[in-house]
Amino acid sequence: MKKFNPNRRRRKSLRLKGYDYSQKGLYFVTICVQNRACLFGDIQNGVMHLNDAGTMIEKWYYELENKFPDIQCGTHVVMPDHFHCIIHNVGANLGVGTDVLGSTSSIDSNFVGISSEHVGSPLYRVIQWFKTMTTNEYIRKVKTDNWPRFDRKLWQRNYWEHIIRNERAHQNISKYILNNPLKWKGDTLNRK
């Protein structure tokens, strides 16, 4: 075990300090493949064509709603080397409630909080579960279906998120996500 070194540089958190990511709200999330490897398909003429791995990513995204009763999947796009989505935490208030954008939603009355520290599903746990499930299935497919190998980890260690604060921002971000394949050629991070 490594000895604690107080002078060692600490990884800076990307999360908003003091914000409870288990509360009701909309979250724009981007998760990148390790080393930005293009593993999930190709973009041709501005259209994303998912391969089997890309279809698997989409499948596990929709499974979030089954795993976390307070989570709803919104607009998303699987890109060759990253994934954009809007995750809607409808709140764990065990009934009908109103979210930050004013829409009414209903929650399964059998919901049990994820931990004693949060009433609902913290965003980091939702993303952690998604990364774990997609990584495990990808590894199985490398062994059984000869999917391309990845470098140590399927996903980069962290993820990027943005709290969506109003309906206008929600519409703009949804449009950005849906138009992402059209902008692939001009993307400075695109290595192809």
Here the FRET efficiency for N45 versus Y176, based on Cβ atoms and R0 = 25 Å and rounded to 0.05, is 0.80
Take every Cα-Cα pair in the range 126-188 and report what % of them are more than 16 Å apart. 65 percent
Kindly flag which residue pairs out of K143/K175; K24/K143; K67/K175; K24/K59; K67/K183 have an alpha-carbon separation exceeding 31 Å in this structure. K143/K175; K24/K143; K67/K183
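Could you please rank H76, H162, placing first whichever residue has the fewest other Cβ atoms within 10 Å of its Cβ? Mind showing how you got there, number by number?
Details: H76 19, H162 14.
Listing H76, H162 from fewest to most nearby Cβ atoms yields H162, H76.
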If each residue of separation counts as 0.36 nm, what is the full-extension length gain between V142 and E65 once their alpha-carbon separation is subtracted? 25.1 nm
Point-to-point label distance, Q72-I163, nm (Cα→Cβ direction, 7 Å offset): 2.0 nm
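Read-outs throughout are calculated quantities, based only on the coordinates presented, and are distinct from any laboratory measurement. What you see is a predicted model; the values in this text were computed from it and never measured. Cβ coordinates were reconstructed from backbone atoms using ideal geometry, including for glycine residues, and neighbour counts include every protein chain displayed.
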